[in-house]
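Just below is one structure, and these are the notes that go with it.
The values are calculated or read from the model by the stated rules, or taken from the named source; none is laboratory data. These figures come from a predicted structure and were not determined experimentally. Cβ atoms come from the backbone with ideal geometry, glycine included; neighbour counts cover every protein chain shown. Surface areas here come from the heavy atoms of the whole protein model, side chains and all, with no ligands, DNA or RNA. Shrake-Rupley method; radii C 1.70, N 1.55, O 1.52, S 1.80 Å.
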Amino acid sequence: MPSTEHSTLPRVAVLASGRGSNLAALLAARDRGELVVRFVLVGSDKAVAPVLRLAEAAGIPTLALDPRGYPDRRAFDADLLQRVADSGAQWLVLAGYMRIVDADVLRPWVGRTINIHPSLLPKYRGLHTHRRALEAQDLEHGASVHFVTAELDGGPVIAQARIPVEAGDDEEVLAARLLPLEHRLLPAVLGLLAGGRLQWKNGQPWFDGTPLRAPLVLAADGLRAAE
Ligand code: GRF
């Protein structure tokens with residue numbers, strides 16, 4: 001790709017704490033030409049996180065910061081998000097990032113930061129979402145991508161993918177059935193955001209020029225408005 005074209009692409013940073021399958025999905029979508037962005041940084045709070053190795057292999061600058069080296073959460077978050085800003089990122093994706101970000105530090109990034117969460121929000125914020133869906137005997141489970149606000153997993157939901165819960169499902173089976181949908185959902189939402197169809201205005205998401213009244217739905221051919 002010519003460097004001038006490269007330099008005008010929307011710039012995206014990713015924060016993640018774990019294995020990085022969602023990052024892999026973002027990179028695959030980019031490589032297929034479905035997601036037209038440039039990844040400028042992958043950061044983690046865990047130096048040993050496989051997601052960093054994946055980013056290195058893809059030639060993306062990486063950053064590992066250890067929270068234990070900071071006096072408190074806010075100091076850590078401030079340093080981390082300063083480095084994200086220094087990377088030139090316009091958009092920030094939390095892809096399995098397992099920490100809450102301080103509200104004041106996050107503020108300049110509200111409307112520019114999305115998170116993927118493995119539940120049909122507002123159900124099951126926080127951890128153990130698959131277990132909680134099973135315990136509640138839900139017939140349906142899913143994943144959500146939402147704008148990140150100060151409230152844990154509480155920002156406006158942009159889009160969701162749904163799966164049926166089947167007899168005999170356990171946590172692992174359910175998580176494994178959901179993951180491929182997460183891998184379609186996150187690149188699709190990032191594409192809308194970086195491409196300008198999805199916007200944050202007056203404290204809420206807008207889609208194609210009107211306020212988003214209900215989360216978009218992941219269908220076979222991509223995201224569509226809820227009926
Ligand atoms: C995903 O299930 C995501 O929804 C949740 O954490 C998991 C991260 O997986 N927030 P990976 O590191 O992207 O493989």
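Residues in region 188-202: is at least one under 30 Å from Asp104 (Cα atoms), at pLDDT below 95 and not hydroxyl-bearing (Ser, Thr, Tyr)? It would help to see each step written out before you state the result.
Filtering region 188-202 for residues under 30 Å from Asp104 (Cα atoms) gives 188-202.
If we keep only those that are at pLDDT below 95 too, we end up with 202.
Filter again for not hydroxyl-bearing (Ser, Thr, Tyr), leaving 202.
Yes, region 188-202 contains at least one residue that is under 30 Å from Asp104 (Cα atoms), at pLDDT below 95 and not hydroxyl-bearing (Ser, Thr, Tyr).
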Q: Scan region 63-79 and report the pairs whose first residue is over 16 Å from Met98 (Cβ atoms) and among the hydroxyl-bearing types (Ser, Thr, Tyr) and whose second residue is open to solvent by less than 50 Å² (accessible area, probe 1.4 Å) and at pLDDT 95 or above, with Cβ atoms within less than 9 Å and a gap of 6+ or a chain change.
A: Tyr70/Phe76; Tyr70/Asp77; Tyr70/Ala78; Tyr70/Asp79
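Condition check: under 21 Å from Leu23 (Cα atoms), at pLDDT 95 or above, open to solvent by 40 Å² or more (accessible area, probe 1.4 Å) and away from the ligand (no atom under 13 Å from the Cβ). Does Arg162 satisfy that?
yes
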Q: For Leu54, indicate whether it is touching a strand residue (DSSP E or B) at 6+ places or on another chain (Cβ under 9 Å), open to solvent by 10 Å² or more (accessible area, probe 1.4 Å) and under 18 Å from Leu179 (Cβ atoms).
A: yes
(Q) Give me the strands (runs of 3 or more DSSP E) completely within region 83-185, filtered to those with at least 1 residues that are farther than 27 Å from Ala47 by Cα, ordered by residue number. (A) 140-147, 157-164
Q. Looking at region 122-145, which of its residues are more than 20 Å from Ala220 (Cα to Cα) and within 11 Å of the ligand (Cβ to nearest atom)?
A. Gly126, Leu127, Thr129, His130
Q. If the Cβ limit is 7 Å and pairs must be 6+ apart or interchain, which residue in region 177-193 that is in contact (Cβ under 8 Å) with a residue 12 or more places away in the chain pairs with which residue that is assigned to a helix (DSSP H, G or I) and open to solvent by 10 Å² or more (accessible area, probe 1.4 Å)?
A. Leu179/Ser21; Glu182/Asn22; His183/Ser21; His183/Asn22; His183/Ala25; Leu186/Asn22; Leu186/Ala25; Pro187/Ala25
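Going through Arg74, Arg68 one at a time, which residue ends up being of a type in the set (Lys, Arg), farther than 27 Å from Ser144 by Cβ and away from the ligand (no atom under 15 Å from the Cβ)? First the steps, then the outcome.
Values: Arg74 fails: farther than 27 Å from Ser144 by Cβ.
Being of a type in the set (Lys, Arg), farther than 27 Å from Ser144 by Cβ and away from the ligand (no atom under 15 Å from the Cβ) holds for just one of Arg74, Arg68, which is Arg68.
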